[in-house]
Amino acid sequence: MVFLLLFLSHNVAKADVAFRSKEVERLVTMLRVTPDSLAEGINMLNVRGRRVKVLLNERVVTFVGYDLFSDELKSLARTPILNFLERYFLQLDYPDADRPAANMMREDRFRFDVGRLATVAMLTEDDAFSYGFENKRYVATWTREGEPLLAVSFPAEHELISGENKKEAELNVERDIKQSPIDGVPPVNEAVLQPTIQENYLVKRGSTYMKDLFTSDLYYERRDSVLQLICDEAHPLESAANLMLSAEGTADCVLNVKQVMYGYKKKTFDVPLRNWIAYCLKGGCELYFAAESLDEKEIRATVIAVNIAENYNHVIFVDIPLSVIRQRGGEIVARLESFIPMHNVQNLFAKYKTIKNKQPKIYE
């Protein structure tokens, strides 16, 4: 009986393969790939003489596309555009029956400026590749011996580039945050810091967002000849900004996230704060902070993760207990709304009244 139970359990687990999106599932089905035959990691397949990559990550098929770019190039480029091109060219060769390739390109505003779909099969590793971004559109170009061989252009839109609709993207947020690697943070270059009127306190000027309401400034102190991010209850606003904008600090915090999703659904999960920051930065977002209120118990603040390249924002509203700053760790309650189109951000803040940014006191 024990053997039978173990056998059944093993087979149920092996068969339990999920898909990151409906489109990934459709493509795998169209290619007649048996999910149970996939190994963890990158699977290289030969489909009608073309190399196709299928990625299985913890029993979830997360990607399928042509093999056009090396992992080394993807690592250096750090952009979702390469995965998009590999997947989209495959989609055009294997379109949905209800959405022929011509309709798909027209609806997605995807264009072949040089070459055509058949040219993709002619690409080699020796062809030079480049891409650019202008006027909210990407242009990707392959050249051979200095002459353009293939050039495509498409809009900077998250749903198009990710291949996921808003509902699917939101459902993947928790998993993506937890799987975001926390890279080592290099020490700050003191040359980029500006002094303040308080001795031993410096500021790293960032940029601003939404008419200077949000900033990406970071605040440092020199203690025992060591330069470090401020995490001190005597400077709560500076400390809160540092906590929410940089994984460089020493505090060990957990976000208790209530995620508001499509269709007014809600989901609650816990993630390390550092993973949230890593997730945003890995996705190409720039983080901005604004403190709304400060009392004897907590700081109420808002953080925006701005992704210009894909035209969306994540917005997270946080309540940071002063005890978290004092103890350099603890739980921060957060409310998350993700993948908000940039033109809708102002409407979001209208729901929560006007945010008033309380400026840090380090200058006084």
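Every read-out reported here was derived from the displayed coordinates using simple, explicitly stated rules and does not represent laboratory data. Fair warning: this is a prediction, and the values are worked out from it, not measured in the lab. So basically every Cβ, Gly included, is an ideal-geometry build from the backbone, and we count neighbours across all protein chains shown.
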**Item:** Restricting region 26-103 to GluC sites (Glu not before Pro) in coil, as DSSP defines it, with at most 12 other Cβ within 10 Å
**Value:** Glu40, Glu58
**Prompt:** Excluding same-chain residues fewer than 8 positions from Lys297, which aspartates and glutamates have a Cα within less than 13 Å of its Cα?
**Reply:** Glu233, Asp319
**Request:** State which entries of Lys53/Lys266; Lys74/Lys211; Lys74/Lys265; Lys22/Lys258 exceed 32 angstrom in Cα-Cα distance in the structure shown.
**Result:** Lys53/Lys266; Lys74/Lys211; Lys74/Lys265
**Prompt:** Rounded, prolate or oblate: which one fits region 52-189, using the alpha carbon gyration tensor with axes a ≥ b ≥ c (rounded when a/c is under 1.5, else prolate when a/b beats b/c, else oblate)?
**Reply:** oblate
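If you place +1 on the Cβ of every Lys and Arg, -1 on the Cβ of every Asp and Glu, and leave all else neutral, what size is the dipole of region 166-351 about its Cα centre, to the nearest 20 Debye?
700
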**Asked** Between region 245-295 and region 143-180, how many Å separate their Cα centres?
**Response** 22
**Message:** Could you sort the peptides 313-322, 333-342, 109-118, 290-299 by per-residue average Cβ neighbour count (10 Å cutoff), highest mean leading?
**Reply:** 313-322, 333-342, 290-299, 109-118
**Complete:** Computed about the Cα centre, the charge dipole of the chain from +1 Lys/Arg and -1 Asp/Glu charges at the Cβ has a magnitude in debye, to the nearest 20, of 980
**Asked** Using a basic spin-label model with each label point 7 Å from the Cα along Cα→Cβ, how many nm lie between Lys22 and Val226?
**Response** 5.4
**Item:** Along principal axes, Cα extents of region 194-260, largest first, whole Å
**Value:** 44, 31, 19
**Request:** Multiply the residue gap between Glu40 and Asp126 by 0.36 nm, knock off their C-alpha separation, and tell me the result in nm, one decimal place.
**Result:** 28.0 nm
**Asked** Principal axis lengths of the chain from Cα atoms, whole Å, largest first?
**Response** 68, 68, 43
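Ranking request for peptides 160-170, 146-156: highest mean number of other beta-carbon atoms within 10 Å first, then the rest in descending order. List each step's numbers first, then the result.
Values: 160-170: 19.6, 146-156: 16.3.
Final packing ranking: 160-170, 146-156.
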**Asked** Against the longest principal axis of the chain, how steep is helix 236-245, in degrees 0 to 90 to the nearest 10, with axes from Cα atoms?
**Response** 10
**Beta bridges by DSSP in the chain, antiparallel share as percent, to the nearest 5** = 90
